[in-house]
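Presented below is the structure to which this report refers.
The values are calculated or read from the model by the stated rules, or taken from the named source; none is laboratory data. What you are looking at is a predicted structure, and each value in this text was computed from that prediction instead of being measured. For neighbour counting, all protein chains shown are included, and Cβ atoms are generated from backbone atoms with ideal geometry for every residue, glycine included.
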Amino acid sequence: MSFEVEIEVARRIAHVAPFANLREKVDPKHAALLVIDMQNDFIAEGGLISKDGRDTTEARKLGERLPAFLDTARAAGVLVIFVRNIYSTDTNHYLSDSWLEHSARQRKGGYTSIPVCPPNSWEGDFYGEVRPKPGDPIVSKHRYSGFHNTDLDTILRANGIRTVIVTGVVTNVCVETTAREAFVRDYYVVAPRDGSAAYARADHDATMSNIERFFGQLSTLDELATIWRGRNSDVGT
């Protein structure tokens, strides 16, 4: 059956009319842009990932692409929400035994010998020009998902949000975990292919495939920006 046939069936079944296309999903009246973990530890030279010997090239390129895109989203009236990690603290408020054991096996000192995103640190600060502006909510998390024990869901529902657009790092960990949980909480999920970054291309591509098949819809930064600019033009006519 075609999408056109199946969406009509969906409309008859659903108690709330489903959105039928990308333009409807990303309408600023009910769309939020999540900027996930764009922090020095995960992107900048001298941060955790560069100390770990992994390639942050794509993450740094993302840091150059996002600022203009965020300005376009804000200008269109899209709610922009920054999601950040706070992991390491002097008295270890957040890192459990299972987390630390896994880190000891896999992270080359990260989270154990090397603190990760401590509060009020350069490592935990936002990267470059990708940072909140007045009015942008900031959600602090202590696990991969932006929803786990945070106020993200409260902010979204209080603002009438039905769609989340996921951007940031790292594609196959915090971005994907947040996208999965958004979908199972009944939000529409949109993932720009060039709106997130991983440290290996295969990891990024696998997440994009997972999201497209099971959790949301793919797009690009340019496609979304074009839709929002068009809406601004419509308002002026």
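State which residue pairs qualify: first residue free of Cβ contacts under 8 Å to residues at least 60 places away in the same chain and inside region 156-184, second residue basic (Lys, Arg) in any location, beta carbons under 9 Å apart, and separation of 6 or more residues or different chains.
Within 9 Å, the pairs are Thr177/Arg143.
So that you can scan it fast, the table gives a plain yes or no per residue for (1) assigned to a strand (DSSP E or B); (2) among the basic types (Lys, Arg); (3) over 18 Å from Leu221 (Cα atoms); (4) more than 22 Å from the chain's Cα centre (by Cα):
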position	(1), (2), (3), (4)
Ile7	no, no, yes, yes
Asp27	no, no, no, no
Val35	yes, no, no, no
Gly46	no, no, yes, yes
Ile49	no, no, yes, no
Arg54	no, yes, yes, no
Ala68	no, no, no, no
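To keep it simple, each residue is scored yes or no on (1) at pLDDT 95 or above; (2) surrounded by fewer than 18 Cβ atoms within 10 Å (Cβ to Cβ); (3) of a type outside the set (Asp, Glu); (4) under 28 Å from Tyr127 (Cβ atoms).
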| position | (1), (2), (3), (4) |
| --- | --- |
| Ala14 | no, yes, yes, no |
| Asn21 | yes, yes, yes, no |
| Ala31 | yes, no, yes, yes |
| Leu34 | yes, no, yes, yes |
| Asn40 | yes, no, yes, yes |
| Ile43 | yes, no, yes, yes |
| Gly47 | yes, no, yes, yes |
| Asp52 | no, yes, no, yes |
| Ala59 | yes, no, yes, yes |
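Please enumerate the residues belonging to region 84-121 that are in contact with a helix residue (DSSP H, G or I) (Cβ under 7 Å, 6 or more places away or on another chain) and among the β-branched types (Val, Ile, Thr).
As a first pass, look at region 84-121 and keep what is in contact with a helix residue (DSSP H, G or I) (Cβ under 7 Å, 6 or more places away or on another chain): 110-112, 114, 116-117.
The answer is Thr112, Ile114, Val116.
Please work out if Gly63 is in a loop (DSSP other than H, G, I, E, B) and either in contact with a Cys (Cβ under 6 Å, 6 or more places away or on another chain) or closer than 26 Å to Gly109 by Cα (or both).
Answer is no for this residue.
Considering only region 77-90, I want to know if a residue exists there that is exposed (fewer than 15 other Cβ atoms within 10 Å of the Cβ), part of a helix (DSSP H, G or I) and not basic (Lys, Arg).
no
Might you check whether a residue that is of a type in the set (S, T, N, Q), surrounded by fewer than 20 Cβ atoms within 10 Å (Cβ to Cβ) and either at pLDDT below 95 or not in a helix (DSSP H, G or I) (or both) occurs anywhere in region 160-178?
no
Within region 98-134, track down each residue that is at pLDDT below 95, under 22 Å from Thr178 (Cα atoms) and in a loop (DSSP other than H, G, I, E, B).
Matches in region 98-134: Arg107, Tyr111.
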